[in-house]
Amino acid sequence: MDEMKACVITRTEPGAHATAEAVRDLGLSPLIMPAARVEITPATLDLDGVQALLMTSAAAARAIQVTETLKALPLYAVGDATAEAAIAAGFETVISAGGDGATLAVLAADRMSPRRGALLHLRGREVAGDVTGMLRACGFEARHVEVYATHDHPDFKANIVALLAKDSGFILIHSPAGARRLASAVSERGVGLAAWRIVGLSAACIKPLEELGFKSTHVAETPDEEALMDALRDEVEKQSLE
């Protein structure tokens with residue numbers, strides 16, 4: 001490619017900057033445009049009778065103060081990025097499910113017994129899938145507490161619509177909520193989308209965007225950052241052959 005193509009990163013900070021470095025390594029020009037902003041919510045963690053913690057986002061790890069009591073509990077993370085964030089926050093026993101919410105629930109149910117105590121899911125207000133519901137169906141006492149909330153980024157709609165109208169390239173989607181925010185922005189403004197390719201972390205991340213007229217949509221083989229970059233590389237190679 002003679003000119004560096006744009007790659008829009010809709011992920012929230014601080015993860016967006018790590019993604020931007022990987023995008024740059026693929027010869028693309030990363031444009032960080034978070035669809036949402038994260039707000040830490042006051043939360044009281046009732047650990048009475050809890051045998052383990054569950055976590056489905058890196059934002060949850062950054063939202064809480066990790067006490068010695070929390071450190072003593074094993075933490076099951078949805079994927080490697082969340083596991084790394086949990087370790088960085090101070091958790092000592094961290095197990096990665098390497099997948100999505102359903103994978104996490106299956107792993108937790110396989111590794112633990114309902115007789116040994118409750119499971120506590122540390123999560124945001126918006127979640128993909130019902131981890132606690134799946135575990136309750138397996139006989140566990142599973143509960144959750146919201147430790148952060150995501151809100152629409154005030155600048156996202158205007159910025160993304162202006163960019164899509166004048167440029168072309170790739171858009172990375174890290175969450176179903178981010179996809180819904182993008183869908184809302186482009187649906188309201190009626191902007192043309194045929195010059196843009198969508199690459200999503202999972203099928204759920206792509207679903208809100210499938211019928212909107214993007215040039216293509218591509219799903220990572222597994223819901224992790226490495227697979228997302230592989231999927232983006234595939235799209236870059238396709239674009240270079242056209």
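The values are calculated or read from the model by the stated rules, or taken from the named source; none is laboratory data. On a predicted model such as this, the values are computed, not experimentally measured, just so you know. Methodologically, a virtual Cβ is constructed for each residue, glycine included, from the backbone with ideal geometry; neighbour enumeration extends over all protein chains shown. Protein only, heavy atoms only, side chains kept; ligands, DNA and RNA dropped before computing areas. Shrake-Rupley method; radii C 1.70, N 1.55, O 1.52, S 1.80 Å.
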Rounded to the nearest 5, what % of DSSP beta bridges with both residues in the chain are antiparallel? 15
Classify region 91-141 as rounded, prolate or oblate from the Cα gyration tensor: take a ≥ b ≥ c as the square roots of its eigenvalues, call it rounded if a/c is under 1.5, otherwise prolate when a/b beats b/c and oblate if not. rounded
Give the peptides 193-205, 109-121, 92-104 in descending order of average Cβ contacts within 10 Å, highest first. 193-205, 92-104, 109-121
Once you order the gyration tensor axes a ≥ b ≥ c over the Cα atoms, which shape class does region 101-186 get: rounded for a/c under 1.5, otherwise prolate or oblate by comparing a/b with b/c? prolate
Take the alpha-carbon positions of region 51-141, form their convex hull, and give its projected area averaged over all directions (one quarter of the hull surface) in nm². 5.1
Could you tell me which of V236, T93, P42 has its Cα farthest along the dipole of the chain towards the positive end, charges placed at Cβ (Lys, Arg +1; Asp, Glu -1), taken about the Cα centre? P42
Under 30 Å between C-alpha atoms, the lysine pairs in the chain lying 8 or more places apart or on different chains count 15
Any idea what the dipole of the chain comes to, in debye rounded to 20, about its Cα centre with Lys/Arg Cβ at +1 and Asp/Glu Cβ at -1? 580
Please find the FRET efficiency linking T93 to R116, where r is the Cβ-Cβ separation and R0 is fixed at 22 Å, and quote it to the nearest 0.05. 0.90
What ranking of R181, R233, R125, R11 comes out by heavy-atom accessible area, probe 1.4 Å, highest first? R125, R233, R11, R181
Quick calc of log₁₀ I(q)/I(0), region 163-216, Debye, one scatterer on every Cα, no solvent, q values 0.18, 0.32 1/Å, result -0.50, -1.47
Find which of A194, I160, G129 sits farthest along the positive direction of the dipole of region 112-239, computed with +1 on the beta-carbon of Lys and Arg, -1 on that of Asp and Glu, about the Cα centre. G129
Potential extension, L241-A195 segment - 0.36 nm per residue separation minus Cα distance: 15.1 nm
Simple Cβ-charge dipole of region 95-216, Lys/Arg +1 and Asp/Glu -1, about Cα centre, in debye nearest 20: 180
Note to self: with every protein chain in place and a 1.4 Å probe, the chain gives an accessible area per residue in Å² of 48
Helical contribution to [θ] at 222 nm, DSSP H n ≥ 4, -39,500 (n - 2.57), averaged over the chain, rounded to 500: -11500 deg cm²/dmol
Ignoring ligands, DNA and RNA, how do K166, K157, K238 rank by accessible area with a 1.4 Å probe, largest first? K166, K238, K157
Extent of region 142-241 along each principal axis, from alpha carbon coordinates, in Å, largest to smallest? 49, 31, 20
In whole angstrom, note down how far apart the Cα centers of region 97-139 and region 1-73 are. 20
